[in-house]
Ligand SMILES: [Fe+2]
Ligand SMILES: [Fe+2]
């Protein structure tokens, strides 16, 4: 029987005591990375949104729906990252960050396009992007926002949230006066959760970038255009009360927010729910690039089968599968301009690309019930010869669980299309893996994969 010496394979008790808010709150830091927002944006927006909802007199399930809709408003954000990079010919994280600081008038968008599109790129690339935006700007923005909203709503459903949460997320970019996207609905037709989430987003984006006075001014400025005027009036009162901004700035705001989780007693995060949460965030990860569709799920499946072949027990395999699904969660912090680059990366771009592995360790390390798998998942680019990253671990210290994920990851990467090459045949991929045995690839893991391939289990 396969023996794991890693602690997380032994610690399967107590998951039902984990708070859903804490788990999803930790993942929300990954969403902040994708949106180019400062760490904690989703947490601060959730706190602002929850204060608004409580001031409206909401409680119980209704309040809970608002809480999660605002915390997870950016669930769909990775789904349009590659398209933003393509359409605006730039770094999606910077573009998204700067876009949120735009004024509400059409000329503000024009100024944004003039100053941000194709910066640092060839004149021809910039010219082409500008022409495309001039001709198809409206359709492109509707498409970009529509993708983000519908994908976000879908993933909320996968996370077992109500239709209200899904709808609130789907309506995030609608404006009170009907000028929003993708539906162009107005007033109370916009889900209350969507209206609260947008106000909370505007408030924190301006607060984080320019301070509380800018946040107050911007909410006031957008009352009746982007934002529900009644909510803006409540925000005005709340934000004038003593302690509001001080609390928002607290280092332990996240812990305070977990305490605010409404109806927490109804939620039990059991093993099945942890599987669903991992799969849902696997979809968020894969949506970041058109080249990685299904990658996380497939690496999870292949890793689990290798582990089964090695004799690992059921519970250990279940946890390994989650770690494998989440191995690239740190890619949410890497610009699509780098992930999608068809040519060779320069030294700086390569360093940013490599940083995804350390991001994975950091993100999972913040999630109590997943912290033990943080190193396992974040070590998938370590090599037995010590030449891998991020830590340069070698065969003395790379856990078998990481070796399994590494083999599954390389196999899937080689057998699917990438921006810089086409998918390889199984035979060629296996030959490459074989040539790396003892260098980057563990022999036992390779042999297990060989059996799976021979039995046709990976089709
Ligand atoms: Fe990776
Ligand atoms: Fe990967």
Original post:
What is the projected area of the convex hull of the Cα atoms of segment 333-459, averaged over all directions, in nm²?
Top reply: 8.5 nm²
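Compute the FRET efficiency between residue 418 and residue 348 as 1/(1 + (r/R0)^6), taking r as their Cβ-Cβ distance and R0 = 22 Å, and round to the nearest 0.05.
Values: r = 20 Å, r/R0 = 0.93.
The computed FRET efficiency comes out at 0.60.
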Subject >> the chain, relative contact order in percent, only Cα pairs under 8 angstrom and at least six apart counted >> reply: 18 percent
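Taking every eigenvalue of the Cα gyration tensor of segment 292-377, multiplying by 5 and rooting it, what semi-axes result, largest first, whole Å? Please list the in-between numbers first.
Details: eigenvalues 146, 48, 18 Å².
Semi-axes (√(5λ), whole Å): 27, 16, 9.
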**OP:** Measure nothing but the geometry: give the 0 to 90° angle between the long axis through the Cα atoms of 426-435 and the longest principal axis through the Cα atoms of the chain, rounded to 10°.
**Re:** 70 degrees
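Applying 1/(1 + (r/R0)^6) with R0 = 30 Å to the Cβ-Cβ distance of residue 54 and residue 94, what FRET efficiency is obtained, to the nearest 0.05? Mind showing how you got there, number by number?
On the way: r = 35 Å, r/R0 = 1.15.
Between residue 54 and residue 94 the formula returns 0.30.
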Subject >> Contour minus Cα-Cα distance for residue 258 and residue 213 (0.36 nm per residue) >> reply: 13.5 nm
**OP:** Before rounding to the nearest 500, sum -39500 (n - 2.57) across all DSSP H runs of length at least 4 in the chain and divide by the residue total; then give [θ] at 222 nm in deg cm²/dmol.
**Re:** -19000 deg cm²/dmol
Original post:
When only C-alpha pairs under 8 Å and at least 6 residues apart count, what is the relative contact order of segment 222-353, in percent?
Top reply: 19 percent
Original post:
If eta is 0.692 mPa s and T is 37 °C, what Stokes-Einstein diffusion coefficient results for segment 146-279, Kirkwood Rh from Cα pairs, in µm²/s?
Top reply: 200 µm²/s
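Dividing the Cα radius of gyration by the Kirkwood radius, what Rg/Rh value follows for segment 331-388?
On the way: Rg = 12.9 Å, Rh = 12.4 Å.
The Rg/Rh ratio comes out at 1.04.
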Original post:
Relative to the present Cα-Cα distance, how much length would full extension add between residue 160 and residue 179 at 0.36 nm per residue of separation?
Top reply: 3.8 nm
**OP:** List the equivalent ellipsoid semi-axes of segment 412-459 in whole Å, largest first, each obtained as the square root of 5λ for an eigenvalue λ of the Cα gyration tensor.
**Re:** 19, 15, 8
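With all distinct Cα pairs included, what does the Kirkwood hydrodynamic radius of the chain come out to in Å, to one decimal, could you say?
On the way: mean 1/r = 0.0433 Å⁻¹.
Value: 23.1 Å, from the Cα pair sum.
Would you please put 63-74, 412-423, 197-208 in order of how densely packed they are, using the mean number of other Cβ atoms within 10 angstrom per residue and starting with the highest? Walk me through the intermediate numbers first.
Details: 63-74: 27.6, 412-423: 14.3, 197-208: 25.0.
Going from most to least packed, we get 63-74, 197-208, 412-423.
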**OP:** Please determine, in degrees from 0 to 90 and to the nearest 10, the orientation of helix 400-414 with respect to the longest principal axis defined by the Cα atoms of the chain, where the helix direction is its Cα long axis.
**Re:** 80 degrees
Original post:
On a 0 to 90 degree scale, rounded to 10, what angle separates helix 212-222 from the longest Cα axis of the chain?
Top reply: 70 degrees
**OP:** Multiply the residue gap between residue 240 and residue 395 by 0.36 nm, knock off their C-alpha separation, and tell me the result in nm, one decimal place.
**Re:** 50.0 nm
Original post:
When the Cα atoms of segment 206-340 are enclosed in a convex hull and the volume is divided per residue, what value in Å³ results?
Top reply: 186 Å³
Original post:
Hey, with R₀ at 51 Å, roughly what FRET efficiency would residue 126 and residue 313 work out to, going by the Cβ-Cβ distance, to 0.05?
Top reply: 0.35
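No value in this document is a laboratory result; all are computed from the given coordinates. Model, not experiment: these values are computed from the prediction. Backbone-built Cβ (ideal geometry, glycine too); neighbour counts: all protein chains shown.
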